[in-house]
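Asks: Here it is, the structure, as structure tokens.
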Amino acid sequence: MNPLRIGNFSGFYGDRFDALREMLTGGELDVLTGDYLAELTMLILARDRLKDPGAGYARTFLRQLEGALGLVQERGVRIVTNAGGLNPAGLAAHIGELAARLGIPLRVAHVEGDDLTADHPGALAAHAYLGGFGIAACLRAGADIVVTGRVTDAALVTGPAAAHFGWGPGEFDKLAGAVVAGHVLECGTQATGGNYAFFQEGDVRRPGFPLAEIHADGSSVITKHPGTGGFVDVGTVTAQLLYETGGARYAGPDVTARLDSVRLRQDGPDRVRIEGVRGEAPPPTLKVGLNRLGGIRNEVVFVLTGLGIEAKADLVKDQLAAELAKSPPAEVRWELVRTDRPDAGTEETASALLRLVVRDPDQKAVGRALSGAAIELALASYPGFHVLAPPGKGDPYGIFEDTYVPQGEVPHTAVLPDGRPVRVPPP
């Protein structure tokens, strides 16, 4: 059986806008995946949904797709993305409307059941990290585009691989191989020289996005389209493989991948083969990411220029401590950043930055209380007093926590192109 060619066109919400079109036109592919969700992104989308209940998905993806939908059909490439965020059904509906408006007959499905917010009072968003078998069910039912909410990043690859090769939930070695390939692809150009410690070994001014050629036994080759920038070698793949991992066992909802079994070897220019991956049963629980608002954060950055930097910093700290004591914030943090240098040639290079950050559940404690106290020092503090920008009212900040629930308690559901919901059983 020919390998399944899976590419990536997004590693985060805000990644290269043109990457979807670049990947569709740059070479042969069977599936394209887009990863948009980080813990912070879920908070951003949750705040969007507070303003508009119909929001909660990555709007960028819909704009990217509008300019590339004809290519998707022409090339016969299936799209799998977690851009659905907090509202996969909403994004899937918009994609269907877009396809109808453009006269392009594509079948859209989505995966839901990850949203457990109702079970976690006080959370702005609470979502379980689902596996790939909901995606697989959608693809087996003929979907051209599959939209998910919160799934593991690697599930965007394990789902298509399981659907293509007919893998079942117990084929742990094969699934583990796909998890490893998915983990390498998930951050886009980090696998092709981006953010790489040894970036000088290749031209990384505009690295191409990666793709994986996945075989029926779970082994794979990581590469990129011909003629694109960046480079793929054992080093870039190793760096991404170790990214955000913490031990030999990489647990996920479909399988626990044994990272100590992974074998990498250069398989030609810009080609790295991954083989030997062993898998074990997944844990009986699913991780749930909880996002909540922690309160209001505000900051002011004082610019200290010339001599006596530390004495000037101490003066500002003493002056503001007395003012903030009238209504003390829950958290006060000072940081002196020594960007200055001796005998500097410009005012900027003779300056250090003193940053004050305050946090509190009550905006009054960190809003006007801080901005007023800081600006009133303008003519009554250290010589050369100025700040990078006037402090404002403060902004909300989020807190991410995680918890775990039994897999069987999460209603993992594939909503097929015909609208039929199919429950995905736990492994």
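Asks: To the nearest 500 deg cm²/dmol, what mean residue ellipticity at 222 nm is calculated for the chain from DSSP H runs of n ≥ 4 alone, each contributing -39,500 (n - 2.57), summed and divided by the residues?
Replies: One gets -8000 deg cm²/dmol as the mean residue ellipticity at 222 nm.
Asks: With θ set to phi - 60° and the Karplus curve 6.51 cos²θ - 1.76 cosθ + 1.60, what are the ³J(HN,Hα) couplings of segment 75-80 in order, to the nearest whole Hz, using x for Gly and Pro?
Replies: Along segment 75-80, the couplings run 7, x, 8, 8, 10, 10 Hz.
Asks: While we're here: So what J values fall out for segment 210-225 if you push phi through Karplus, 6.51 cos²θ - 1.76 cosθ + 1.60 with θ = phi - 60°, rounded to Hz, Gly and Pro as x?
Replies: After applying 6.51 cos²θ - 1.76 cosθ + 1.60, I find x, 9, 10, 9, 9, 9, 5, 8, x, 6, 7, 10, 8, 8, 8, 5 Hz.
Asks: Ok, one more. If r is the Cβ-Cβ distance from Glu348 to Asp314 and R0 is 22 Å, what FRET efficiency results, to the nearest 0.05?
Replies: Values: r = 23 Å, r/R0 = 1.03.
Efficiency at R0 = 22 Å is approximately 0.45.
Asks: Just to check I understand the Karplus step: with θ = phi - 60° and J = 6.51 cos²θ - 1.76 cosθ + 1.60, what whole-Hz values come out for segment 230-239, glycine and proline as x?
Replies: Running phi through 6.51 cos²θ - 1.76 cosθ + 1.60 with θ = phi - 60° gives x, 7, 10, 9, 4, x, 5, 5, 4, 4 Hz.
Asks: Say each of Glu409 and Ala197 gets a label point 7 Å from the Cα, pointing the same way as Cα to Cβ; how far apart are those two points in nm?
Replies: Output for this residue pair reads 4.1 nm.
Asks: May I ask you to order 129-138, 369-378 by the average number of other C-beta atoms within 10 Å around their residues, highest value first? Don't skip to the end; give the middle numbers.
Replies: Details: 129-138: 28.2, 369-378: 17.3.
Per-residue mean Cβ counts within 10 Å order the peptides as 129-138, 369-378.
Asks: Figure the gain on full extension for Arg292 and Glu323 (residue separation times 0.36 nm, minus the Cα-Cα span) and round it to one decimal in nm.
Replies: So the chain would gain 8.2 nm between Arg292 and Glu323.
Asks: Give the angle, between 0 and 90 degrees and rounded to the nearest 10, that separates the Cα long axis of helix 88-102 from the longest principal axis of the Cα atoms of the chain.
Replies: It is inclined by approximately 70 degrees.
Asks: How large is the dipole of the chain about the Cα centre if only Lys and Arg carry +1 and Asp and Glu carry -1, each at its Cβ, rounded to the nearest 20 debye?
Replies: That gives a dipole near 520 debye.
Asks: Tell me which residues come under 5 Å, amide H to amide H, from Arg78 once H is placed; ignore anything under 5 positions away on its chain.
Replies: Hits under the 5 Å cutoff: Val31, Leu32.
Asks: What do you get for the angle between helix 155-165 and the principal long axis of the chain? Use alpha-carbon atoms, 0 to 90 degrees, nearest ten.
Replies: 10 degrees
Asks: What is the packing order of peptides 392-403, 251-262, 49-60, 143-154, taking the mean over residues of other C-beta atoms within 10 Å and listing the highest first?
Replies: Highest to lowest by the protection proxy: 143-154, 251-262, 49-60, 392-403.
Asks: Relative to the Cα centre, what is the charge dipole magnitude of segment 293-393, using +1 at the beta carbon of each Lys and Arg, -1 at the beta carbon of each Asp and Glu, and rounding to the nearest 20 debye? Don't jump to the answer; show the numbers that get you there.
Replies: Values: 12 positive and 14 negative charges, 74 e Å.
In debye, rounded to 20, segment 293-393 gives about 360.
Asks: Here's something else I'd like to know. Compute the length gained on full extension between Val234 and Asp217: take 0.36 nm times their separation in residues and subtract their Cα-Cα distance, giving the result in nm to one decimal.
Replies: 4.0 nm
Asks: What does the extension gain come out to for Ala251 and Ala281, with contour length at 0.36 nm per residue minus their alpha carbon separation?
Replies: 9.9 nm
No value in this document is a laboratory result; all are computed from the given coordinates. Bear in mind the structure is a predicted one, so any value in this text is a computation, not a measurement. Methodologically, a virtual Cβ is constructed for each residue, glycine included, from the backbone with ideal geometry; neighbour enumeration extends over all protein chains shown.
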